[in-house]
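What follows is one structure encoded as structure tokens, with my remarks underneath.
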Amino acid sequence: MSYRMWEVMERANTGPFMEEHEFLYKRFIPKMREVIKKYNIKYDPQHPVPSDDSLADAVWQAAVEFFREVGVYNQDTHRVILFSDEEIKEALYSAPSSYVVGEGKDSRVFGHRKVEDTRPPFCIYSPDITYDEVDHLAACIAYLKEPLLDGLCAPLLEEFMGRKIQAWAPFELGGSLEHAMSLREACRLVGRPGVFLVAVGTAESDAAQISVSDPTWGVRTTDSRLVGSITEMMTNNSMMNKAAHYNMYGCFTGSLTGAIFGGYAGGAEGTAVLETAYHLKGLMVHQCNYQQNFPFHLKHGSNTGREMLWIVSVYSQAIARNTHLVQDSNGFGNAGPGTEMILYEAAAHSLTSTVSGANLWEHAPAHNKYHNRGTPLECRLAAEVGHAVANMGMKREQANEIANRLLAKYEHLIPEAPLGKTFQELYDVRKAIPRPEWLDMYYRVKEELAGMGLEFPF
Amino acid sequence: MRILKRFLLGNKNFTREERKMERVKKLTQALSAGDQAECVTLAKELLAEGADLDAVIKEMTNEMREVGKRFETFEIFLPEMMMAAEAMMAVMDVFGPHLVEGSGVASRGTVLIGAPRGDMHEIGKNIVKLMLKANGFQIIDLGPNVDPLEFIKRAEEAKADVIAISTLMTTTMPGATQVIQLLNDKGIRDKYKVIVGGAPTNPDWAKQIGADGWAEDASKATELVEKLLGVN
């Protein structure tokens, strides 16, 4: 709802004053407990992909009530931004259900999907992790070579000219420009100059993000940027600056939010409600065009475990059934690349998300914390699973059965998941193609998935 | 209710000591349930009865450790642990003015904690803070986005034993390095134990920047502080 951007910004200065502690203890936590009870939301471990429409609808109703009553806290002004029921309905009604993103021959439609939708998911690839500066271009090229890629959120940089990048400091500006330029060059070299980019993840600060807005070498208006969220239901002036800049520059804005299982929202039920409520926060506070969801487990930093798949499925269904908003589902695995486990995890996350009505943002391996540990191949498998699920019109019941079979293969390994290998060990970096042993493992797992009932298009 | 208690206790009259024990039991139960109002009521009653506050606090600390363990296994979640910690603090507010100097409930050490400049994420830091508090450490929380020099100035003021730095992003990890560099430059590195943690961090990095320790979660952070300070 960029039409009311400045009025919303003003509420960050004029809303009710509250200490952050009070917001969490007296507002957030009690209201979350109240709506879970009121709407009788219950986690069912036997159904990581539930088929109960009434559950999805109850989560939606709980999320709307939670968002309306709790609001969003601005840490800089110590005030709560609130919206009326009418404003929520207006924003939901007036939000577009799809966007044409990217440029020229590389442009695509990024749109809302329904539960059990037969339209393939929009597939954004992303390792969500840092790479060696010297290999950044090659890593970007390797991702851009992927056939089912509709958009790319590229590997990140940790160093600029050999120096550590620090947020809100000059090397961040340098690193962010290097990231943008290297990515743009990679797009040209692969022959996909107009591909949709979500960039640049290296830029954490508002200043660094603003510095890469450039139609020639940097982020274009046909690309996207993200506004993150501070845990939980909070924002700050830096986030608001980013939102304002993106809207005025004219690019697509994604709302990046990760409700934490085990955190302030509590267990699976609260995490699902919170992630659903984040769609409203993104739409109304940061004027976002789509929602990028990455709920994660507090201990493991991943979302492929049993309770996490349930959360992913439930909020995706809640949004798919009750709105026409555009959402994508960001996978975070426990194992590293070069292992069968990460392939099972990516498949389970993609299957669950796709059948539940989400688009895909795949896939961050190795608890999203190990430098260079991400390759395009686990993303490829996730995208192929997503296309298979949609093309064959898979129902939630079948997806649940396959998810349970996949979970049986890896859920016991989650606490001690293997870290696998690095991009450099698994790819021929100069050619930007996977090495045979990694490719063989991918084919073996893909065949195994086909045996479980997934009908791959190729 | 009283008849039932008598039945359970073999129909004998409650002694004053038994009443106190009953109340302490109720207090630890209320603490575990995060019932702040009930905790305060019971604390006031125990105070009026002249209970041994050191012993009561010891029971509560043990109970908080159990709460921490239940959180570690996700038997309970963060809100339940937060409510229990709040209830504990409320009881300490009641007891505080009545605790004598040199009391056995002295802090086991002072930990100054914060997230470095540019890092606005606090949940990990807050969980570590709660676990340390629950285990009897005094905490000074500087919050998010802390200037490296501020860590040191506040540690000096508070005579802290440990500086704990929590970071969620690779681009804010250099903030922890800067704190250690400044401690070295000021010639006071040996005065403090510096520990680091957070999602993108690992033990190799901690060693590389010269930290005294790294912990992967709040429970391990508590064990690390106990080990570094030599307290059990």
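Across peptide A:128-134, the mean count of Cβ atoms from other chains lying within 10 Å of each residue's own Cβ comes to 1.
The ellipsoid equivalent to the alpha-carbon distribution of the protein assembly as shown has semi-axes of 43, 29, 25 angstrom, derived from the gyration tensor eigenvalues as √(5λ) and listed largest first.
Peptides A:350-362, A:171-183 ranked from most to least packed, by the mean per-residue count of other Cβ atoms within 10 Å: A:350-362, A:171-183. Multiplying the residue separation of B:Lys186 and B:Glu156 by 0.36 nm and subtracting their alpha-carbon distance yields 9.6 nm. For region B:78-147, the list of GluC sites (Glu not before Pro) that fall in a loop by DSSP and count at most 10 other C-beta atoms within 10 angstrom reads B:Glu101.
Once the C-beta distance of A:Lys37 and A:Glu185 is scaled by a Förster radius of 56 Å, the resulting FRET efficiency is 0.55 to the nearest 0.05. Normalised by 2.2 N^0.38 Å, where N is the number of residues, the alpha-carbon radius of gyration of chain B equals 1.17. Beta bridges assigned by DSSP with both partners in the protein assembly as shown are antiparallel in approximately 20 percent of cases.
For region A:98-451, what class follows from the C-alpha gyration tensor (a ≥ b ≥ c being the square roots of its eigenvalues): rounded when a/c is under 1.5, otherwise prolate if a/b is larger than b/c, else oblate? It comes out rounded by the Cα gyration axes.
Based on every Cα atom in region B:97-175, Rg and the maximum pairwise Cα distance Dmax equal 13.9, 47 Å. Of the GluC sites (Glu not before Pro) found in region A:1-68, those that fall in a DSSP loop while having at most 14 other beta-carbon atoms within 10 Å are A:Glu19.
Considered as an equivalent ellipsoid built on the Cα gyration tensor, region A:311-363 has semi-axes of 24, 9, 7 Å, the largest given first. Dipole magnitude for the protein assembly as shown: about 680 debye, using +1 per Lys or Arg Cβ and -1 per Asp or Glu Cβ, origin at the Cα centre. Between B:Met92, B:Met81, B:Met64, the GNM of chain B built on Cα springs shorter than 10 angstrom shows B:Met92 fluctuating the most.
Remark: region B:2-98 projects, on average over all directions, an area of 6.7 nm² (convex hull of Cα atoms). Counting, for every residue in A:221-234, the Cβ atoms of other protein chains within 10 Å of its Cβ and taking the mean gives 1. Averaged over the residues of peptide B:78-84, the number of Cβ atoms from other protein chains lying within 10 Å of each residue's Cβ is 5.
In plain terms, chain B is cut at each of the chymotrypsin sites (Phe, Trp or Tyr not before Pro) found in a DSSP loop with at most 16 other Cβ atoms within 10 Å, and the longest leftover piece is B:75-232. For region B:110-229, the mean projected area of the C-alpha convex hull, equal to one quarter of the hull surface, is 6.0 nm².
Only alpha carbons enter this Debye calculation for region A:282-333, each as an equal point scatterer, and the log10 of I(q)/I(0) it gives at q = 0.31, 0.32 Å⁻¹ is -1.16, -1.20.
Checking every one of the trypsin sites (Lys or Arg not before Pro) in region A:18-56 against DSSP loop status and a limit of 12 other Cβ atoms within 10 Å picks out A:Lys42. Derived scalar couplings between HN and Hα for region A:367-375 equal 6, 6, 9, 10, 3, 6, 9, x, 9 Hz in order, rounded to whole Hz, by the Karplus curve 6.51 cos²θ - 1.76 cosθ + 1.60 (θ = phi - 60°), x for Gly and Pro.
FRET efficiency for the pair A:Arg405 and A:Met161, taken as 1/(1 + (r/R0)^6) with r the Cβ-Cβ distance and R0 = 45 Å, rounds to 0.40.
Using a cutoff of 8 angstrom between alpha carbon atoms and counting only pairs six or more residues apart, the relative contact order for chain A works out to 20 percent. In order along region B:160-174, phi translates into HN-Hα couplings of 5, 9, 10, 10, 10, 10, 10, 9, 10, 10, 4, 7, 10, 4, x Hz, rounded to whole numbers, per the Karplus curve 6.51 cos²θ - 1.76 cosθ + 1.60 with θ = phi - 60° and x for Gly and Pro. Computed from Cα atoms alone, the Kirkwood hydrodynamic radius reported for region A:1-125 is 17.8 Å. Near A:Phe160, the amide H atoms lying under 5 Å from its own belong to A:Ile165; only residues 5 or more places off or on other chains count, and H is placed 1.01 Å from N.
Phi angles across region B:199-208 convert, under the Karplus curve 6.51 cos²θ - 1.76 cosθ + 1.60 with θ = phi - 60°, into 3J(HN,Hα) values of 3, x, 8, 8, x, 5, 5, 4, 5, 4 Hz, Gly and Pro given as x. Its relative contact order, with pairs defined as Cα atoms under 8 Å and 6+ residues apart, puts region B:110-229 at 28 percent. Under a 10 Å cutoff between Cα atoms, tell me which one of B:Gln178, B:Gln36, B:Gln208 has the largest fluctuation in the Gaussian network model of chain B. Looking only at B:Gln178, B:Gln36, B:Gln208, the biggest GNM fluctuation is shown by B:Gln208.
None of the figures in this text is laboratory data; all of them are computed from the coordinates on show. Please read these numbers as outputs of a predicted model, since none were measured by experiment. Cβ atoms come from the backbone with ideal geometry, glycine included; neighbour counts cover every protein chain shown.
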